[in-house]
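Trainee: There's a structure below that I have some questions on.
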Amino acid sequence: MQSKNFGLDIDGTVTSPSAFIPYLNKHFNKNITLQDITQYELAPLLNVTNEQFWSWMKKHERNIYANVDLAKDVHHALTDWKETHQIVYISARGEHLLETTEQWFTKNNLPFHHIELTGQHDKIAAVKKHSIDIFFEDKHDNACSIAEECEIPVILMDTPYNRDPIPTNVIRVQSWLEAKNWVNNWLKGSI
């Protein structure tokens, strides 16, 4: 099997999409569930301004990112792929969070060959820089733009906030087990 470069978003993809909810509920005195989050931007759901939300986020991000939960079955999929393929994480997290992020990967025994924190949601330049062959994402517009601009398959981890229509080379999956199955078939040339 030929080695591929796997690109992965972190938050909401490798981490549980509901990981932020306990922090949001506690700090904003809410009772939100994942099903309530039907758009990517959280400020409107919390009834705060974007400035208020990002001020809160800046204050708490290190603690949240250090303790966030893994997505179910992600460890199994990534561990299976690590020996044959390059695993590159490309995240919108800021570069100042690299040490926290690396420590979290080590603590959770998750394989990685490289972690790139872009500080922005536009990941196309990083995807091209690392010659990514397949990408994993939870943010709808990122998935669509990477798939179309880079002409690669993008696995979209299904969440209530990303259910808009998708182009043909974006593959919506319900779980990491489904993602692993699709990718393994793709690697064998069955897709």
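The values are calculated or read from the model by the stated rules, or taken from the named source; none is laboratory data. This is a predicted model, so every value here is computed, not measured. FYI the Cβ positions are ideal-geometry reconstructions off the backbone, even for glycines, and counts take in every protein chain you see.
Trainee: Return yes when Asn31 is over 17 Å from the mean Cα position of the chain (by Cα) and outside any helix (DSSP H, G or I) and no when it is not.
Mentor: So Asn31 fits the description; yes.
Trainee: Is it true that Tyr23 is surrounded by 13 or more Cβ atoms within 10 Å (Cβ to Cβ), free of Cβ contacts under 8 Å to residues at least 60 places away in the same chain and more than 20 Å from Gly119 (Cα to Cα)?
Mentor: Yes, satisfied.
Trainee: A further question follows. All but one of (1) modelled with pLDDT of 95 or more; (2) surrounded by fewer than 16 Cβ atoms within 10 Å (Cβ to Cβ); (3) more than 28 Å from Leu42 (Cα to Cα); (4) not aliphatic (A, V, I, L, M) hold for Ser190; which doesn't?
Mentor: Result: Ser190 passes all but (1).
Trainee: Please tell me if Asp141 is assigned to a loop (DSSP other than H, G, I, E, B) and among the charged types (D, E, K, R). Explain how you work it out, then say what you get.
Mentor: Working: assigned to a loop (DSSP other than H, G, I, E, B): no; among the charged types (D, E, K, R): yes.
So Asp141 does not fit the description; no.
Trainee: Kindly provide the set of residues from the stretch 3-28 that are under 19 Å from Ser175 (Cβ atoms) and assigned to a loop (DSSP other than H, G, I, E, B), ordered by number.
Mentor: Let us first name the residues in the stretch 3-28 that are under 19 Å from Ser175 (Cβ atoms), namely 6, 8-19, 21.
If the condition is that a residue be under 19 Å from Ser175 (Cβ atoms) and assigned to a loop (DSSP other than H, G, I, E, B), then Asp9, Ile10, Asp11, Gly12, Thr13, Val14, Ser16, Pro17, Ser18, Ala19 are the ones that fit.
Trainee: Further, regarding this structure: Scanning for something part of a helix (DSSP H, G or I), modelled with pLDDT of 95 or more and buried (at least 18 other Cβ atoms within 10 Å of the Cβ), does the stretch 109-123 turn up at least one residue? It would help to see each step written out before you state the result.
Mentor: Taking the stretch 109-123 first, the residues part of a helix (DSSP H, G or I) are none.
Checked against the condition, which is being part of a helix (DSSP H, G or I), modelled with pLDDT of 95 or more and buried (at least 18 other Cβ atoms within 10 Å of the Cβ), the stretch 109-123 yields no hits at all.
Trainee: Can you name the residue in the stretch 124-147 that is in contact (Cβ under 8 Å) with a residue 24 or more places away in the chain and farther than 19 Å from Pro167 by Cα and is also surrounded by the most Cβ atoms within 10 Å (Cβ to Cβ) among such residues?
Mentor: Out of the qualifying residues, it is Ala126.
Trainee: Moving on. Does the stretch 97-106 contain any residue that is farther than 23 Å from Thr159 by Cα, touching a Ser or Thr at 6+ places or on another chain (Cβ under 7 Å) and assigned by TED's automatic domain parsing to the domain that holds Val170?
Mentor: No, the stretch 97-106 contains no residue that is farther than 23 Å from Thr159 by Cα, touching a Ser or Thr at 6+ places or on another chain (Cβ under 7 Å) and assigned by TED's automatic domain parsing to the domain that holds Val170.
Trainee: Can you pull out every residue in the stretch 34-45 that is farther than 20 Å from Ala71 by Cβ and either part of a helix (DSSP H, G or I) or in contact with a Ser or Thr (Cβ under 6 Å, 6 or more places away or on another chain) (or both)?
Mentor: Answer for the stretch 34-45, where residues must be farther than 20 Å from Ala71 by Cβ and either part of a helix (DSSP H, G or I) or in contact with a Ser or Thr (Cβ under 6 Å, 6 or more places away or on another chain) (or both): Ala43, Pro44, Leu45.
Trainee: With in a strand (DSSP E or B) and among the aliphatic types (A, V, I, L, M) as the only criterion, which of Val88, Val48 stands out? Talk me through it step by step, then tell me what you get.
Mentor: Details: Val48 fails: in a strand (DSSP E or B).
Sole residue among the options that is in a strand (DSSP E or B) and among the aliphatic types (A, V, I, L, M): Val88.
Results for (1) outside any helix (DSSP H, G or I); (2) in contact with an Asp or Glu (Cβ under 9 Å, 6 or more places away or on another chain), shown as yes or no for each residue.
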position: Tyr161; (1), (2): no, yes
position: Asp164; (1), (2): yes, yes
position: Arg172; (1), (2): yes, yes
position: Leu177; (1), (2): no, yes
position: Lys180; (1), (2): no, yes
position: Asn184; (1), (2): no, yes
position: Ile191; (1), (2): yes, no
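Trainee: So, in the stretch 55-83, of the ones that are among the β-branched types (Val, Ile, Thr) and either assigned to a strand (DSSP E or B) or modelled with pLDDT of 95 or more (or both), which residue ends up surrounded by the most Cβ atoms within 10 Å (Cβ to Cβ)?
Mentor: Let us first name the residues in the stretch 55-83 that are among the β-branched types (Val, Ile, Thr), namely 64, 68, 74, 79.
Retained after the next criterion (residues that are either assigned to a strand (DSSP E or B) or modelled with pLDDT of 95 or more (or both)): 64, 68, 74.
Numbers: Ile64: 17, Val68: 19, Val74: 23.
Within the stretch 55-83, the match that is surrounded by the most Cβ atoms within 10 Å (Cβ to Cβ) is Val74.
Trainee: Among residues belonging to the stretch 34-51 that are under 27 Å from Glu99 (Cβ atoms) and surrounded by 13 or more Cβ atoms within 10 Å (Cβ to Cβ), point out the one that is farthest from the chain's Cα centre (by Cα).
Mentor: Leu42
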